[in-house]
1. Does the stretch 100-119 include one or more residues that are exposed (fewer than 14 other Cβ atoms within 10 Å of the Cβ), out of contact with any Lys or Arg (no Cβ under 6 Å at 6 or more places or on another chain), in contact (Cβ under 8 Å) with a residue 60 or more places away in the chain and not in a strand (DSSP E or B)?
2. Take Tyr245 and decide whether it is modelled with pLDDT of 70 or more, assigned to a helix (DSSP H, G or I), surrounded by 21 or more Cβ atoms within 10 Å (Cβ to Cβ) and under 17 Å from the mean Cα position of the chain (by Cα).
3. Any idea which of (1) surrounded by fewer than 17 Cβ atoms within 10 Å (Cβ to Cβ); (2) in the same structural domain as Gln213 (by TED's automatic domain parsing) is the one Pro148 doesn't satisfy?
4. For the subset of the stretch 186-201 comprising residues that are in contact with an Asp or Glu (Cβ under 9 Å, 6 or more places away or on another chain) and surrounded by fewer than 16 Cβ atoms within 10 Å (Cβ to Cβ), which member is modelled with the highest pLDDT?
5. State the number of residues belonging to the stretch 131-164 that are in contact with a Leu (Cβ under 9 Å, 6 or more places away or on another chain) and either more than 23 Å from Pro204 (Cβ to Cβ) or not in a loop (DSSP other than H, G, I, E, B) (or both).
Amino acid sequence: MRCLINIGIILCASILFCACVKELPFDSKESEVAVVNCLLTNDSIQQLSLTQSVKITDPYLFKEIRDAEISLSTGGEIVGYFERESYGNWQLKYTPVNGNVYRLLVKLPDGKELTASTTMPPAIGIEPLINRDRYPTRNFNQTTADYPCWIYVLRDNDLPPDLMNPHPSAKAILANNLGADHPMIDRFNKHDNMSDIEMEVSMPFYDFYLRIQPSSGMAENVSFGIQAAYSYYSYIYFRTVSDEYDKYLKSSIQKMNIYQDADDPIHMFDESKVYSNITNGMGIFAAYNEISTFYNRNLFVVHNGKVLFYDGNIPPFF
């Protein structure tokens, strides 16, 4: 009998407990913010994305802003207007001039204006030191350092079809480890030595990018080497960046590194922010100038229409 009474009490308590459960309203306080991202390049077509952030309860990751007027100007004169190409994406046919200061103006449908400015940097002064190249190192001589320079490598499994003008395929990916011995390299993303990855390389290695710090009025040229995995067909890119893009890249990588280790609780205390220079909004307006070379240059050459292994006698392409 006592057992039946206890069961009845438990059932009643369960019913009352369920009846008291209510769905708590989630009223987020965040606001929707216009986000514009535009990187001017040394190409003839400039790309821009314009979206609007949404609340956490919204089913979309972001929304596009369609009816906007977006202009690019320099020296007080408008050089062109961006035209919408697809969802959130805009385009302008224009090649920036090195050294010019550019201003971006985005007029939104609600009357708000987003603004930002940046300077188009010149390409880095870089020369290949062919006679010093030894597997697996490519050697270079830097002649200018007025702007920060970010170096990265794309690696590809496919041999380029045109070895006289090699380019990576659409399947190329960013190399995650690079070795370098440049004296002005920023060590914020440094690890150990490349020998931990490949036995025949010995330089300190870095995550994804090499950041070469600027040195205005560099007194003399700087010679340095770069090492990457030779098991791929790779391409080295030298990207001279504006101050805005430099801050954006570095803060983004620092943020990414904090969240790399899911077991490390330090990310829960992270208060760092990714750099933004958009007035009345979020995002980045910056510029870069880029040149590239085939990393595996000393493996292949084209001579008399034939692909040959490089033996040190035939001057290969840069």
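The values are calculated or read from the model by the stated rules, or taken from the named source; none is laboratory data. Bear in mind the structure is a predicted one, so any value in this text is a computation, not a measurement. For neighbour counting, all protein chains shown are included, and Cβ atoms are generated from backbone atoms with ideal geometry for every residue, glycine included.
1. Yes: one or more hits.
2. Details: modelled with pLDDT of 70 or more: yes; assigned to a helix (DSSP H, G or I): yes; surrounded by 21 or more Cβ atoms within 10 Å (Cβ to Cβ): yes; under 17 Å from the mean Cα position of the chain (by Cα): yes.
Against the criterion (modelled with pLDDT of 70 or more, assigned to a helix (DSSP H, G or I), surrounded by 21 or more Cβ atoms within 10 Å (Cβ to Cβ) and under 17 Å from the mean Cα position of the chain (by Cα)), Tyr245 qualifies.
3. Tallying (1) surrounded by fewer than 17 Cβ atoms within 10 Å (Cβ to Cβ); (2) in the same structural domain as Gln213 (by TED's automatic domain parsing), Pro148 fails exactly one: (1).
4. Lys190
5. Step one: of the stretch 131-164, the residues in contact with a Leu (Cβ under 9 Å, 6 or more places away or on another chain) are 135, 138-141, 148-155.
Filter once more, keeping what is either more than 23 Å from Pro204 (Cβ to Cβ) or not in a loop (DSSP other than H, G, I, E, B) (or both): 138-141, 149-155.
Of the residues in that region, 11 qualify.
Table: residues versus (1) outside the structural domain of Pro168 (by TED's automatic domain parsing); (2) polar (S, T, N, Q); (3) at pLDDT 95 or above; (4) outside any strand (DSSP E or B).
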{"position": "Lys255", "(1), (2), (3), (4)": "yes, no, no, yes"}
{"position": "Asp263", "(1), (2), (3), (4)": "yes, no, no, yes"}
{"position": "Thr293", "(1), (2), (3), (4)": "no, yes, no, no"}
{"position": "Asn296", "(1), (2), (3), (4)": "no, yes, no, yes"}
